[in-house]
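The values are calculated or read from the model by the stated rules, or taken from the named source; none is laboratory data. Just so we're clear, the structure is a prediction, and the values are computed from it rather than from any experiment. Neighbour counts run over all protein chains shown; Cβ positions are idealised from the backbone, glycine included.
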Amino acid sequence: MRSDKPASPALWTAAWAVARKDVRIELRTRYALNAMVLFAVTTAVMVSFRLGPLGVSRDARAVSTLAVLLWVAIFFAAMNGLSRTFVREEETRTVALLRLSTPPLAVYLGKLLVNLGLLALLETLVTLLFVALMNVRIAQPGLFALTLSVGGFGLAGATTIIAAVVAKADGRNALFTILAFPLLLPLLIIAVEVTEIALAGTGWSNALGGLRVLAAYALAQTVASLLLFELTWES
Amino acid sequence: MNVTGAAPLRLVWQHVAKTYGSRPVWQHLAGELQSGEVLVVSGANGTGKSTLLRLFSGLEQPTAGTIRYTCGPQSLTPRAMRPQIGLVAPEMMMYRELTALENLQFVAAARGLARSTAALLEQLAAVGLSGRASEPVANYSSGMLLRLKYALALVHQPAVLLLDEPTAMFDEAGRELVDTIIMAQRQRGLTIVATNDQRELAWGDYVLKVGSAGQ
Amino acid sequence: MTSALKLSTGLWLAVVTAAMFLWVPAHEGLGNVGRIVIVHVPTGWLTSVAFLVSAIYSALYLRRGRAVDDAKALAAAELGLIFSVLATVTGAIFARVVWGTFWNWDPRETAIAVLMLIYAAYFALRSSIEDVTRQRRLGAIYALLAFITVPFLIFVIPRITDSTLHPNCAILNTPNCEGLTLAEGGRVIGQVSDFRLELKAVEQVGSITVTTVEVRNPDGTFATLRPSFDSATGRPVAIERVPDSLRELQIKQLSGAPGSQTIELALANVGNVGLLTESRTLITFFASLLGFSALFVWLWSLRAGLLSMHEELQAVG
């Protein structure tokens, strides 16, 4: 008789299958992509009206304003796009099929992979929009990219497990941001600070502490999610 | 797992009770079933036939009592048994945006099976869906959806087959298909059918009537 | 037994309240508002304790599945919310009087705001779920997810942001206070956070030592301050406010003979140093801490008992 826990190659095969299925469905429905792209474009355009090249860029505080706006755009677009990963399985009543056929951990990892991919696209888009519309100059592109990657990892880790919790609750969409925001606040505060350093170009040494915290946050959220996901998924 | 090997697979349930809120569905259900046997669960609407199948598949937990699959010295909970369970149920839907083949490919990969496209197409043909494999499931009729559910439930050749309202959307040809599937499952493991249809009681070696006194 | 505990807790807190207003002297420099630390700090600490207790019992519930553990976690969260409101309101009053603003997004203010948001989210989540088992399980899962978030707030953010207004050395003049040591005829220039201090002169008037210190602000402006210290009482005499900032400069300690003295200077936030150095204040503070802790334990067991009883009644009915 096969043991309780599937071997790890099977786990990754299953996780990959979940990710591929979700990407396929996403490409056909474009639900998350549309929500995120529209939100990102709207925010960037709205902000650039007043704070565009002629407005904020001469201001000494421009860098911190831009860093905050960048993360506001990323955060709310992500809240719009990533909230439905698990709710959709409940609403289309495919959750029983998924629970029966897929190890819980594979479901989590598959969904995490998709969310990571979506966030990478979103962050690229938001950056391009800010550079194009607001005349943002990134003094340290390497540090900037690293900050967005590590911050994005933490964001994806936290939103994936919260989306799983919200899917089992009855309030759903309104709950998602309420539950996610307090958990993401430390991440956002630190990410904004390090982004500021990257935009202003004040050097790697200043950013190192913040980057470490971001990495630790992403790691802690992911480990906790791995431990708590099965309980969430099977409740 | 190969249940046709040495020890036969047995399903044993004892003192099983399920309560929703303060409304008890049933209490003190007990029984057992062995590889090669078929159990038919019958009872009026709302007597918890589907619930019982969900307990046997580990999708829900009983409020009290135990359910175990045993094979020789090993004893597994329904949840741990899932890799060996196939379920067909009205409330279990498929991915509408994907084609029948893509649904089947997903389930096979999620179960860690390496199946070629040809083998999967053959499986679809076996449930009467040849030529329709590349259509999105959203376009399927309810009868075709049910056929696809059989393909999904049987892709891993499960030792335990759970059928909830197995012919609810079927014509006579579909009924014959289910008949064939149950006959084949007798060779491979155990089968539990939940139904209200009097004709289907004949499939069972045993009939469990829920809603009255239990077994 | 329980009623005796209840009664003594009530009496104790009444005595603490009376002492806080009648027995504790007004703080030198801060005046009457200094008394607020006696309520503010214990309630602030208990907010964190409640959060910890809630997380522990949430983990126990997920492990053992016993309803009583969940009742304890829920009761602790409810108390945590009440105590966090108390701590925030008292803190805001203090901040308004001393620092001129109710709210400043100081790291510790941020942390308690996030705690309150977490509690609110926890209750929102629980109330949105009808099924009791699921309500408990998802509540516990969220409590644990929140719990691993909080260390990042409490321990990490104050370290990488340099703008805390909160005292780092309220109880004693420990070396952790932001400060430095300068000496007559020795090192006379030093840096404290963004300020550069230079010891210009030292004069002796009886037992009182008056120093002249030039402070260079981060924006490049200069100010000359004259903090002084009485070696007879061992206390600072003149505490000087740095212009256009929320910092003040004082002498914490003097050693050596006049002419070659070593001067330990503290450049701390207003209301920072020595908030609790006065002995009556310190005694009342610890009495208050004890009283509030007893109140917490009593209310917690009461509420958890009520929640469990409610559960049993429902099971019977």
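Spot the failing condition for B:SER57; the list is (1) more than 14 Å from chain A (Cβ to nearest Cβ); (2) within 16 Å of the chain's Cα centre (by Cα), and only one is missed.
Only one criterion is unmet by B:SER57, namely (1).
Looking at (1) farther than 23 Å from C:ALA111 by Cβ; (2) at the interface with chain C (Cβ under 8 Å from one of its Cβ atoms); (3) not aromatic (Phe, Trp, Tyr), which one does A:GLN221 not meet, given that it meets all the others?
(1)
Which numbered condition trips up B:LEU145, out of (1) closer than 26 Å to B:GLY174 by Cβ; (2) within 13 Å of chain A (Cβ to nearest Cβ); (3) in contact with a Leu (Cβ under 9 Å, 6 or more places away or on another chain)?
For B:LEU145, the failing item is (3).
Do we have C:ALA71 as more than 19 Å from C:GLY305 (Cα to Cα) and either within 14 Å of chain A (Cβ to nearest Cβ) or at pLDDT 90 or above (or both) here?
When the stated conditions are applied, C:ALA71 does not pass them.
Mind listing just one residue for me: the one in segment A:165-175 that is modelled with pLDDT of 90 or more and more than 7 Å from chain C (Cβ to nearest Cβ) and, of those, farthest from C:TYR142 (Cα to Cα)?
This residue is A:ALA167.
What is the one condition in (1) in contact with an Asp or Glu (Cβ under 9 Å, 6 or more places away or on another chain); (2) not in a helix (DSSP H, G or I) that C:ASN104 does not satisfy?
Of (1) in contact with an Asp or Glu (Cβ under 9 Å, 6 or more places away or on another chain); (2) not in a helix (DSSP H, G or I), only one is false for C:ASN104: (1).
Count, please, the residues in segment B:12-34 that happen to be crowded, with 20+ Cβ neighbours inside 10 Å and within 14 Å of another protein chain (Cβ to nearest Cβ).
Summing the residues that are crowded, with 20+ Cβ neighbours inside 10 Å and within 14 Å of another protein chain (Cβ to nearest Cβ) in segment B:12-34 gives 1.
Determine whether A:ILE162 is facing chain C (nearest Cβ under 8 Å) and either within 14 Å of the chain's Cα centre (by Cα) or closer than 30 Å to C:TYR61 by Cα (or both).
Considered against the rule, which asks whether it is facing chain C (nearest Cβ under 8 Å) and either within 14 Å of the chain's Cα centre (by Cα) or closer than 30 Å to C:TYR61 by Cα (or both), A:ILE162 comes out as yes.
Looking at (1) of a type in the set (A, V, I, L, M); (2) touching an Asp or Glu at 6+ places or on another chain (Cβ under 9 Å); (3) assigned to a helix (DSSP H, G or I), which is the only condition C:VAL24 fails?
Only one criterion in (1) of a type in the set (A, V, I, L, M); (2) touching an Asp or Glu at 6+ places or on another chain (Cβ under 9 Å); (3) assigned to a helix (DSSP H, G or I) is unmet by C:VAL24, namely (3).
Residues of segment B:90-127 being more than 9 Å from every other protein chain (Cβ to nearest Cβ) and of a type in the set (Gly, Ala, Ser), which ones?
Hits for segment B:90-127 are B:ALA100, B:SER116, B:ALA118, B:ALA119, B:ALA125, B:ALA126.
Right, A:ILE197: β-branched (Val, Ile, Thr), facing another protein chain (nearest Cβ under 10 Å), farther than 30 Å from C:SER127 by Cα and part of a helix (DSSP H, G or I) or not?
No: the conditions fail for A:ILE197.
Take the residues in segment B:49-82 that are crowded, with 21+ Cβ neighbours inside 10 Å and in contact with a Gly (Cβ under 8 Å, 6 or more places away or on another chain), then tell me which one is nearest to A:ARG99 (Cα to Cα).
Taking the candidates together, the pick is B:ARG82.
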